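Working notes for the structure below.
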Amino acid sequence: MLKIDNLHAEIGGTEILKGLSLEIAAGEIHAIMGPNGAGKSTLAYVLGGRDGYEVTQGSATYDGEDLLDMDPHERAAAGLFLGFQYPVEIPGVSNVQFLRTALNAQRKARGQEELSGGDFLKLAREQASALKMNAEMLKRAVNVGFSGGEKKRNEMVQMGIIDPKLAILDETDSGLDIDALRTVGEGINTIMRKPEKAVLLITHYQRLLDVVKPDYVHVLVDGRIVRTGGADLAHQLEEQGYEAIAEAA
Amino acid sequence: MTETLQLPTRRDEAWRYADLDALAPVWPDIAGKREEILVSAGESASRQLILEASDPNVAVETLAIRLEKNARFALHCLAIGADYGRIAVEVTLAKGAHFELGGAILGTGDQTLEIVTDVRHIEPGGTSNQVVRSVLGETATGSFLGKVSVARDAQKIDASQSVKAMLLDRTATANAKPELEIFADDVKCAHGATVGELDKQALFYLASRGIPPAEARRLMLQAFIADAFVSLEDEAAHDAIEAKALAVLEAIT
């Protein structure tokens with residue numbers, strides 16, 4: 001589904017990704033772990049299409065198409081979802097208005113019929129309830145006044161409503177307490193653990209991976225993947241630290 | 001026959017950002033013209049004012065409002081459409097009266113649009129609240145000049161002004177000039193002004209959820225100007241003025 005080959009990317013002239021390769025097939029959940037500054041968030045933003053990140057070499061294809069050639073909203077309409085490490089506050093725009101506009105823009109781009117207000121609200125309430133988010137929060141301005149944990153939960157509610165094919169989740173577990181972590185993890189399983197979907201989880205800790213069991217774990221150090229293994233690699237990392245693993249590699 | 005007033009100059013504070021060249025040809029027709037509004041003691045009134053211009057493309061509306069004891073008046077207005085457009089409001093508030101202004105200045109090209117207010121609290125206990133939002137593109141100029149004066153015995157006045165401008169292009173100009181003249185000592189007069197651009201992070205966030213750039217900008221601008229209309233209680237009137245504003249936004253973005 002996603003094929004990244006020898007990807008080099010820089011921000012303001014500083015190279016952050018230095019030849020990253022990764023392949024994710026439908027039905028798989030991959031985790032990327034790595035120390036601060038390794039390039040984890042840069043990878044997420046490059047895949048999402050954020051301005052300011054320049055790809056200097058290599059490629060990324062999504063379902064055989066050149067992902068890097070698509071605008072951010074086109075990537076979304078093609079089924080890619082980016083879960084933000086720091087979800088953005090948008091004063092004055094309600095969650096409902098935001099998500100309905102987003103979902104209908106995607107449906108329109110795919111040639112599907114737009115969802116009516118009633119059908120949308122029903123869907124939004126279902127997803128909020130699945131993630132134990134108070135439905136009242138749907139009426140509030142996007143992420144404004146939400147706690148760190150509520151913002152992350154809201155990201156997952158959005159993912160549930162949008163129902164993407166490929167989710168790239170950038171530190172979705174940070175800022176969550178133990179109960180919220182479980183809820184969010186189970187949400188990811190329910191929404192994304194399907195034969196036709198795939199997930200790339202970017203995380204610092206193995207805690208989330210106890211709930212969302214990855215098929216592969218990659219270690220990202222200094223812009224490259226230095227090691228790939230199964231779910232047990234995450235535990236090994238937790239015990240030994242990134243340095244030991246990076247040196248051994 | 002009354003003598004025609006002289007064309008204002010830029011030295012005149014209330015006209016310092018005006019497009020005087022555009023004003024000159026129509027000045028003989030509009031000089032000194034004003035609509036007088038009186039709201040009697042204890043009464044409430046409201047008004048929506050949308051600038052409309054034809055040929056020459058200049059629109060000037062001047063209101064002189066007198067609010068008697070405990071009267072309330074709400075003005076919601078759009079400074080749009082004209083090459084040079086001006087909404088000038090002079091309000092005199094008696095004891096306990098309230099004046100509410102919600103205005104949007106939406107322009108592009110080389111439009112010059114302005115809202116100029118002169119709010120006079122001449123007796124104690126009055127309140128006034130002015131909210132103006134501007135969205136300006138290309139080389140448009142949008143100005144809000146808000147004067148609040150409080151007379152010597154007009155204690156316990158609570159007056160506030162909030163002005164925010166969003167520049168769609170770096171070549172656009174927003175002027176925000178609060179002017180306070182306070183002779184009483186127990187009053188609250190607040191004013192705040194910001195000039196900014198659309199938040200790029202927020203635009204990326206909207207795009208990442210599938211919203212095309214033009215729609216994302218519109219969504220954010222709609223939210224931005226909505227502040228100006230929240231105080232309009234009549235739902236039909238609220239929706240009508242907001243719809244008009246959105247249509248203008250659509251055209252200028």
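Bear in mind that the values in this text are calculations on the coordinates, not laboratory data. Since the model is a prediction, treat every value here as computed from it, not as a measurement. Every residue, glycine among them, receives a Cβ derived from its backbone with ideal geometry; neighbour counts consider all protein chains shown.
Assorted remarks:
- Stretching the chain fully between B:ARG10 and B:GLN155 yields a gain of 48.9 nm (0.36 nm per residue, less the alpha carbon separation).
- Based on the Kirkwood approach, the hydrodynamic radius assigned to the stretch A:75-119 is 11.9 Å, with every pair of different Cα atoms included.
- Relative contact order, percent, chain B [alpha-carbon distance under 8 Å, six or more residues apart]: 14
- Most mobile listed residue (B:ALA207, B:ALA88, B:ALA176) in chain B, GNM with C-alpha springs under 10 Å: B:ALA207
- Tensor-based shape of the stretch B:29-75 (alpha-carbon gyration tensor, a/c under 1.5 rounded, otherwise prolate or oblate): oblate
- Here the stretch A:2-248 is assigned +1 on the Cβ of each Lys and Arg and -1 on the Cβ of each Asp and Glu. Its dipole about the Cα centre then comes out at about 840 debye.
- Charge dipole (the stretch B:98-217, unit charges on Cβ, about Cα centre) - positive-most of B:LEU168, B:LEU203, B:THR141: B:LEU203
- Put simply, the convex hull of the Cα atoms in the stretch A:2-248 casts, on average, a shadow of 12.9 nm².
- Per residue, the convex hull spanned by the alpha carbons of the stretch B:13-197 comes to 96 Å³.
- Unit charges on C-beta of K, R, D, E only; dipole of the stretch B:13-197, Debye: 600
- Once you reduce the stretch B:126-177 and the stretch B:56-113 to the center of their Cα atoms, the two points are 11 Å from each other.
- Considering only B:TYR17, B:ALA240, B:GLY81, the residue lying farthest towards the positive end of the dipole of chain B is B:TYR17, judged by Cα position with unit charges set on Cβ.
- Gaussian network model of chain B, Cα within-10 Å springs - most flexible of B:LEU78, B:LEU221, B:LEU20: B:LEU20
- Low-density loop positions, GluC sites (Glu not before Pro), the stretch B:21-96 - DSSP coil, at most 15 other Cβ in 10 Å: B:GLU43, B:GLU52
- For chain A, hydrophobic long helices are taken as DSSP H runs at least 15 Å long by C-alpha position along their axis with mean Kyte-Doolittle hydropathy of 1.0 or more; none is present.
- Per the Kirkwood formula applied to alpha carbons, the stretch A:41-161 shows a radius of gyration over Rh ratio, Rg over Rh, of 0.99.
- Relative contact order %, the stretch B:139-206, counting alpha carbon pairs below 8 Å whose residues are six or more apart: 43
- Sparse-neighbourhood loop sites, chymotrypsin sites (Phe, Trp or Tyr not before Pro) in the stretch A:142-237 - DSSP loop, at most 15 other Cβ within 10 angstrom: A:TYR205
- Compactness ratio for the stretch B:10-95: Cα radius of gyration over 2.2 N^0.38 Å (N = residue count) comes to 1.22.
- Computed over the stretch A:1-55: relative contact order in percent, which uses C-alpha pairs under 8 Å that are six or more apart: 37
- Shielding of peptide A:61-73 by partners, expressed as the average count of other chain Cβ atoms within 10 Å per residue Cβ, is 2.
- Both radii were evaluated on the Cα set of the stretch B:138-203; the Rg over Rh quotient, with Rh as the Kirkwood radius, amounts to 1.16.
- Within the protein assembly as shown, the proportion of C-alpha pairs whose separation exceeds 31 Å stands at 55%.
- Average beta-carbon neighbours from other chains, 10 Å sphere, peptide A:89-99: 5
- For the segment B:194-201, counting C-beta atoms of other chains within 10 Å of every residue's C-beta and taking the mean gives 2.
- Top positive-direction residue, dipole computed over the protein assembly as shown with Cβ charges, set A:GLN57, A:MET137, B:LEU113: A:MET137
- Full extension of the chain between A:ASP177 and A:LYS18 yields a length gain of 53.8 nm, computed as 0.36 nm times the residue separation minus the alpha carbon distance.
- Choice from A:GLU186, A:GLU150, A:GLU113 showing the highest fluctuation, given a GNM over chain A with Cα pairs closer than 10 Å: A:GLU113
- Remark: the B:ASP185-B:GLN201 segment gains 1.4 nm on full extension, using 0.36 nm per residue and subtracting the alpha carbon distance.
- Helical content of chain A, expressed as a calculated mean residue ellipticity at 222 nm, amounts to -12000 deg cm²/dmol (DSSP H runs of 4 or more residues, -39,500 (n - 2.57) each, divided by residue number, nearest 500).
- Prolate/oblate/rounded call for the stretch A:93-210, Cα gyration tensor, a/c under 1.5 rounded: oblate
- Cα gyration tensor shape of the stretch A:140-208, rounded if a/c is under 1.5, else prolate or oblate by comparing a/b with b/c: oblate
- Semi-axes of the equivalent ellipsoid of the stretch B:103-159 are 32, 10, 5 Å, computed as sqrt(5λ) over the eigenvalues of the C-alpha gyration tensor in descending order.
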